[in-house]
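The values are calculated or read from the model by the stated rules, or taken from the named source; none is laboratory data. Computed from a prediction, not measured in an experiment: that's the story for all the values here. Backbone-built Cβ (ideal geometry, glycine too); neighbour counts: all protein chains shown. The accessibility values were calculated without ligands, DNA or RNA, using every heavy atom of the protein model including side chains. Shrake-Rupley method; radii C 1.70, N 1.55, O 1.52, S 1.80 Å.
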Amino acid sequence: MVGRVNSTVKGASLRLGVIGTGYLGAVHAACMADLGHEVIGLDTDQERVNSLNRGVAPIYEPGLDDLLKKTLATGRLRFTSDVVETAKGADIHFICVGTPQKEGSNAADLTYVWSAVEHLSPHLSDGALVVGKSTVPVGTAEEVAKRVAQLSPPGTNVEVAWNPEFLREGFAIADTVSPDRLVIGVRSTEAEKRLREVYRVILEKGTPMVVTDFATAELVKVAANAFLATKISFINAMAEICEVTGANVTELANAIGQDPRIGSRFLRAGIGFGGGCLPKDIRAFMARAEELGLAESLAFLTEVDAINQRRRDTATKYVTDMLENRVEGSVVAVLGAAFKPDSDDVRDSPALFVADKLRARGATVRVHDPRAQHNAKRNYPQLEYPPSVEETVVGADIVLHMTEWAEYRNLNPTEISKLVRHKRIFDGRNELDLKQWQSAGWATKSLGRPQ
Ligand code: UDX
C-alpha cells in the first residue's frame, strides 16, 4: 500500500497527482489536500501554476481561493509545471484535463488527455495508478490503459481506473467532498481498494460508491448530463407550448415536479443550458454513438440540442418585438454574462449569444455581470462592459435579465425606472417577480409565462 501516515490529518495520507488545474483539477487538488492527502497539481501553464501556488484560483468558484490558501499552508498541496516531479511525487494520478468540443465537429477533442498520458507515463513509478476523471467518449479508458502500458517504464506495474466527476460550477467544492455518489471503473480489487482509501473520509459519511467496469463508468457521466439536458429541453419545449396556449410554464413545472417520479430540479424554463459541459457532452455522446453505428439510439439528443438553440432565437425575437423591430440604434442592457450564476464561466453562454445577436443587428449592447465580465470581454470585445448595473441600464431601451444572479432578483424596479429610457424588461430566466415590475410601469416579457 502506498499510503503514509500524517499525524495532522484525518487519516492515512496518500500521495496524489492532479494533471490539469482548470475547473475540475484545481478543485479536486484542493479538496483532496483538505481530505488529508499530499497533493501535487500539474499544469503546463506556468502563470496558472504560480497563481495557484499563491492561493489564487484561475477561475471564480465560491470558497476555492480560501480552500487553496488553507491547504497550501498545511504544506500538503503544491503546484508545478514539471511532469517528472509530478510523476515521482505521487502514486495515484488523476487526469483532470479538459475535453472540449472539436473544432468543426460534434466530437470531443481528446488532445489534452493524450498529451497528459504521453507526458506522464514514461516517468511513472512502479505501482502507480492513473485515474481518469475527464469526461470522455466511451471506450477511451481502455485506450488509455493500453497507451499507459506501452509508455510506462519497462518492468513497472501500472494500472488505470476511471472515476468520473459530477461537480457543478458554483457548488464544486461541496460536490467534491459531499457527492451524491462516487463512481469508479476498475479492473482489479487493488485499484478499488486504493480509490476507497483516497475517498475514505467521504465514504465514511455514508456516500454510496458504484464500482463498475470502464465503459459503464465513462457512460455514467455522459448519460447523466444527457438526462439533465433532456430535462431542461423538455421543460423548454413545454414553454413553447405555453407561449402559444397562454399557459404558465413555471406553474406547470411546479405541478409536474411535485410528482416524485419526475422531481422539480432541472425544470426551470428559460434561455436554456450553456457552459463547458452539457452542450458539448451531448454532442460528443451523439458523435460517439454514430461511430458505434448507434446514431438512432441518441437521435433524440439532436432534438434536445435544437430546442436549446431555439430558445436563444426566441429570446432574440421577443426582444426585437418589444423594441417594436427597432433594434438598430437601440440601447440594450444585458444583466448577466455567465452561463449560470455563481460562476465566471462564459463558455457557450446563452446570455452572450443573444447579446451578440442584438449587437449584430445594430443595437448598442451593454453587459453587466458580477463575476464574468472579464471573461465575457475577452470573448466578445465588441460589447460594452460598464462597471455597475446602474451604468449598464442608464438610457436603455430594454433590460434583459439573462443570468439569475441573486443581486438581479433584488433590483428595485422603481429605482431602475429613473435610469432607463424605456421601461421594458425581458426575463430570460423566469426568476423575476414580473408583477412587481409591471406595478412600477414596466412592459414585461418572459419565456413560457403569460404577460
Ligand atoms: C453540469 C452538471 O450538472 C454536472 O453534474 C457536470 O459535472 C458538469 O455539467 P454545470 O455545467 O456546472 O454542471 O451546470 P448546471 O448547474 O448543470 O447547469 C447547466 C446549464 O443548465 C446552465 O446554463 C443552467 O443555467 C441551465 N439550467 C439548469 C436551466 O436552464 N434550467 C434548469 O432547470 C437547470
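When the residues of region 218-234 are filtered to those that are open to solvent by 20 Å² or more (accessible area, probe 1.4 Å) and more than 11 Å from the ligand (Cβ to nearest atom), the one that is nearest to Ser297 (Cα to Cα) is Ala223. Criterion applied to Val177, Val138 was being more than 24 Å from Ala26 (Cα to Cα), touching a helix residue (DSSP H, G or I) at 6+ places or on another chain (Cβ under 9 Å) and open to solvent by 20 Å² or more (accessible area, probe 1.4 Å), and the one residue passing it is Val138.
Residue by residue through region 259-295, note down the ones that are open to solvent by less than 50 Å² (accessible area, probe 1.4 Å), assigned to a loop (DSSP other than H, G, I, E, B) and within 13 Å of the ligand (Cβ to nearest atom). Selection gives Gly263, Leu267, Ala269, Gly270, Ile271, Gly272, Phe273, Gly274, Gly275, Gly276, Cys277.
Looking only at residues in region 153-194 that are β-branched (Val, Ile, Thr), under 14 Å from Gly132 (Cα atoms) and out of contact with any Asp or Glu (no Cβ under 7 Å at 6 or more places or on another chain), which one is nearest to the ligand (Cβ to nearest atom)? Restricting to residues being β-branched (Val, Ile, Thr), under 14 Å from Gly132 (Cα atoms) and out of contact with any Asp or Glu (no Cβ under 7 Å at 6 or more places or on another chain), the top hit is Val183.
For region 204-217, name all the residues that are hydrophobic (A, V, I, L, M, F, W, C) and within 16 Å of the ligand (Cβ to nearest atom). Correct list: Val210, Ala217.
Filter region 346-387 down to residues that are assigned to a loop (DSSP other than H, G, I, E, B), small (Gly, Ala, Ser) and over 23 Å from Gly170 (Cα atoms) and give me whichever is most open to solvent (accessible area, probe 1.4 Å). The selected residue is Gly362. Mind checking whether some residue in region 156-166 is surrounded by fewer than 18 Cβ atoms within 10 Å (Cβ to Cβ) and either in contact with a helix residue (DSSP H, G or I) (Cβ under 6 Å, 6 or more places away or on another chain) or polar (S, T, N, Q) (or both)? Yes, there is a match, as at least one residue in region 156-166 is surrounded by fewer than 18 Cβ atoms within 10 Å (Cβ to Cβ) and either in contact with a helix residue (DSSP H, G or I) (Cβ under 6 Å, 6 or more places away or on another chain) or polar (S, T, N, Q) (or both).
Within region 427-451, the residues that satisfy the criterion of being more than 16 Å from the ligand (Cβ to nearest atom), touching a residue at least 12 places away in the same chain (Cβ under 8 Å), touching a strand residue (DSSP E or B) at 6+ places or on another chain (Cβ under 9 Å) and outside any loop (DSSP other than H, G, I, E, B) are Leu434, Trp437, Ala443, Thr444, Lys445. Taking first residues from region 323-339 that are open to solvent by 10 Å² or more (accessible area, probe 1.4 Å) and partners that are of a type in the set (Phe, Trp, Tyr), the Cβ contacts under 9 Å between residues at least 6 apart in sequence or on separate chains come to Phe339/Phe273.
Among all residues of region 438-449, there is none that is open to solvent by 70 Å² or more (accessible area, probe 1.4 Å), more than 18 Å from Phe339 (Cα to Cα) and modelled with pLDDT under 95.
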